[in-house]
């Protein structure tokens, strides 16, 4: 089975496991970007633990779930955003102001929209979670 967007697949798998009420889920073909996105989600209290297992056949992640995710997903296409334009996309992807997180790829690495605004950085939108 070929997978094009592994991050989108991982986030939808996490959402499905949350919906069924599982307390952990396993994601295959884990990448560095996926790991960083999940670390940001963990820092904001959406997931419990991340266990990264490297293997020659492809990396695997075991993710501990808390049951706190209402929705999460990737943003396609990866819109380029200036600092002033974040609000427009926040209205589109998040249900309310200051509710949930948007993850942005900047020149200083992946971070939340709030951190990017503080550092006055634009970037490309990667994903959202609330």
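For residue 39, state whether it is within 15 Å of residue 129 (Cα to Cα), at pLDDT 95 or above, touching a strand residue (DSSP E or B) at 6+ places or on another chain (Cβ under 8 Å) and surrounded by fewer than 16 Cβ atoms within 10 Å (Cβ to Cβ). Judged against the criteria, residue 39 is a match. When you look at residue 112, is it modelled with pLDDT of 95 or more, over 13 Å from residue 129 (Cβ atoms) and touching a helix residue (DSSP H, G or I) at 6+ places or on another chain (Cβ under 9 Å), yes or no? So residue 112 fails the test.
Residue under question is residue 42, and the condition is that it be assigned to a helix (DSSP H, G or I), over 14 Å from residue 122 (Cβ atoms) and not assigned by TED's automatic domain parsing to the domain that holds residue 17; does it hold? When the stated conditions are applied, residue 42 does not pass them. Would you pick out the residues in the range 101-130 that are without any contact (Cβ under 8 Å) to a residue 24 or more places away in the chain and either closer than 14 Å to residue 36 by Cβ or assigned to a strand (DSSP E or B) (or both)? Hits for the range 101-130 are 104, 106, 108, 115.
Selection of the range 59-75 for residues being free of Cβ contacts under 8 Å to residues at least 60 places away in the same chain, within 14 Å of residue 10 (Cα to Cα) and either over 11 Å from the mean Cα position of the chain (by Cα) or not in a loop (DSSP other than H, G, I, E, B) (or both) yields 59, 60, 61, 62, 63, 64, 65. Candidates 113, 82: the one that is at negative phi and surrounded by 12 or more Cβ atoms within 10 Å (Cβ to Cβ) is 113. Yes or no: the range 82-100 includes at least one residue that is touching a strand residue (DSSP E or B) at 6+ places or on another chain (Cβ under 6 Å) and assigned to a strand (DSSP E or B). No; the residues of the range 82-100 include none that is touching a strand residue (DSSP E or B) at 6+ places or on another chain (Cβ under 6 Å) and assigned to a strand (DSSP E or B). In the range 9-21, which residues are farther than 20 Å from residue 126 by Cβ and surrounded by 15 or more Cβ atoms within 10 Å (Cβ to Cβ)? Residue satisfying the conditions is 17 alone.
Residues of the range 3-58 that are at positive phi and touching a residue at least 24 places away in the same chain (Cβ under 8 Å): 21, 29, 58.
The values are calculated or read from the model by the stated rules, or taken from the named source; none is laboratory data. Worth saying up front: this structure is predicted, and the values here are computed from it rather than measured. Neighbour counts are summed over all protein chains in view; Cβ atoms, including those assigned to glycine, are modelled from backbone coordinates with ideal geometry.
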